[in-house]
Amino acid sequence: MLLGHRTWSFENKPVIISTGTVGGPFEANGNIANDFDILHEDMWVNQDSFEKSQQKMMEEAAQAAVKKSTIEKEQVDFFISGDLINQITPSSFAAKTIDVPYLGLFSACATSMESLGLAAFLINGDGANYVLSGASSHNAATEKQFRYPTEYGGQKPPTAQWTVTGAGCALLAKQGPGPVVTSATMGKVVDKGLTDPFNMGGAMAPAAVDTIETHFKERGVEPSYYDLIITGDLGHIGREVSLELLQKRGLDITSKQYVDCGLTIYREGQPVLAGASGAACSAIVTYGHFLNLMRKGEITRILVVATGSLHSQLSIQQGDPIPCIAHAVSIESGSDVS
Amino acid sequence: MADKKKKNLPPDAQNYQKFQQQREVKRPLLKNCLKAFFIGGLICLIGQVITTFYIYFFHFTEQTAGNPTTATLIFITMLLTGFGIYDRFGQFAGAGTAVPVTGFGNAVIASAIEYRTEGFILGVGSNMLKLAGPVIVYGVFSAFVVALIKTILIKWGGL
């Protein structure tokens, strides 16, 4: 059901029956290593290119999600996924292996929640029985495409962020045990004219603020309704800026309640500057870490706001500002809480 | 030009940029300069040691020892880049590792390694100078301009 202009509420209660999360060596060394299904010691994942290793991780995440559920792969109706690489080849090539009908998406790092929102919409509207929804990114493949070669010794400013290597996948169904997707607010493209690709948190913060504000208005709930409001990859600067803006606009969000996936995934002391980023960041941390907390009963209602900056290397070189987007999905604990 | 662009932005975007800039973590300029000075100086010191080594043991002169010294430094850079150490070093030292010839070497070698997956011709061959290319282009061009000025001054300026 549409609430307002861009919020869906899912009254048929689509359930996340299982998830699959895959991480790389840097993630294995991080803060939430125990929340991963598969961790790789090698950035290459035994493949001969970084792009192929990203594809491999996406396949593994999807397979892990299906394996942990009670259904067979053949029962999956759609695979909805996206990533940051040109023409989203890792997702599309993974879809070839997974061999189920595929919808490819691109919202940069906001892809994870765009795909979860659409998957829930499909199931809620009787368009599918089982949907796999995922996102992936690879540090070296992303650096290569958007910035400099991996081994190049250029100094990054303190506002730069570290792209996560990994893939996260959620399997949604009409019913079953697991957290319930209750609503989604789709974002608008927000452009405040920022042009620095080494400060994406600052560029993405207004998009997050816009989506969060709209979500509360259209869904008609107060911020205290959620235990946690989880942003995708705003990092230190984006988190601080967006929280201050939200509070300025009269939303009563506490600092404790407002967490960022990009600040959760790595340990203090890992050289990630302003925090983590990447399409896999919000996917892994939500599907791994936060849904595990929900299963344990430590949290019951969360709003995940994945943020993405929609620039390309070409647009940056041509001097265009960085347009950003944020998609929000609310997840609430279901019947499986212990 | 950046300022001109900024003026064309709607006021709320300008306000946001101001707001954001106040909260942005700035580059620690003084600290970076000091680090660059000492690390850059250290690399030059190593270069000087190598030069002296070539002069004393291989009978190079001060003029001819430059090339083997540069080659040696680039060779060391190649190893450090290949083992994945140079980029961490670069994050710490900034301009200290970028300005000396080692920075140039790193830019070429890092690109060559990175594009190996696209093959030797279209990958390594066409991308090797992706980062270092501009340095060569504008280095040669500015050398040409300086040489032109020098020639004019000597021929007609009476120097």
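Of note:
- Some residue of segment A:204-220 being away from chain B (no Cβ under 14 Å) and of a type in the set (Ser, Thr, Tyr): yes
- Test for A:Asn139: is it within 14 Å of chain B (Cβ to nearest Cβ), crowded, with 24+ Cβ neighbours inside 10 Å, under 17 Å from the mean Cα position of the chain (by Cα) and not acidic (Asp, Glu): yes
- Scan of segment A:57-91 for residues that are out of contact with any helix residue (DSSP H, G or I) (no Cβ under 8 Å at 6 or more places or on another chain) and either over 20 Å from A:Leu116 (Cβ atoms) or not assigned by TED's automatic domain parsing to the domain that holds A:Ala167 (or both), ordered by number: A:Thr70, A:Glu74, A:Gln87
- Across segment A:270-296, the qualifying residues are those that are on the phi > 0 side of the Ramachandran plot and within 14 Å of chain B (Cβ to nearest Cβ), and the one among them that is farthest from the chain's Cα centre (by Cα) is A:Leu273.
- Any chance B:Ala107 is at the interface with chain A (Cβ under 9 Å from one of its Cβ atoms), assigned to a helix (DSSP H, G or I) and surrounded by 12 or more Cβ atoms within 10 Å (Cβ to Cβ): yes
- Of the residues making up segment B:65-76, not a single one is of a type in the set (A, V, I, L, M), farther than 22 Å from B:Val99 by Cβ and assigned by TED's automatic domain parsing to the domain that holds B:Asn106.
- Residue match in segment B:25-40 (condition: in a loop (DSSP other than H, G, I, E, B), at pLDDT below 90 and in contact with a Ser or Thr (Cβ under 8 Å, 6 or more places away or on another chain)): yes
- Per-region count, segment A:146-172, residues more than 9 Å from every other protein chain (Cβ to nearest Cβ), within 20 Å of B:Gly90 (Cβ to Cβ) and polar (S, T, N, Q): 2
- Sole residue being crowded, with 16+ Cβ neighbours inside 10 Å, within 12 Å of chain A (Cβ to nearest Cβ) and among the hydroxyl-bearing types (Ser, Thr, Tyr), chosen from B:Thr77, B:Thr69, B:Thr51: B:Thr77
- Exclusive hit being small (Gly, Ala, Ser), closer than 20 Å to A:Lys156 by Cα and within 13 Å of chain B (Cβ to nearest Cβ), set A:Gly235, A:Gly262: A:Gly235
- A count restricted to segment A:293-338 and to residues that are free of Cβ contacts under 8 Å to residues at least 40 places away in the same chain and not small (Gly, Ala, Ser) stands at 5.
- Helices (runs of 4 or more DSSP H) contained in segment A:245-338 and holding at least 2 residues within 26 Å of B:Val25 (Cβ to Cβ): A:261-264, A:279-284, A:313-317
The values are calculated or read from the model by the stated rules, or taken from the named source; none is laboratory data. Keep in mind that what you see is a predicted model, and the values were worked out from it rather than measured. Because the Cβ atoms are built from the backbone with ideal geometry, glycine has one as well, and the counts that use them run over all protein chains shown.
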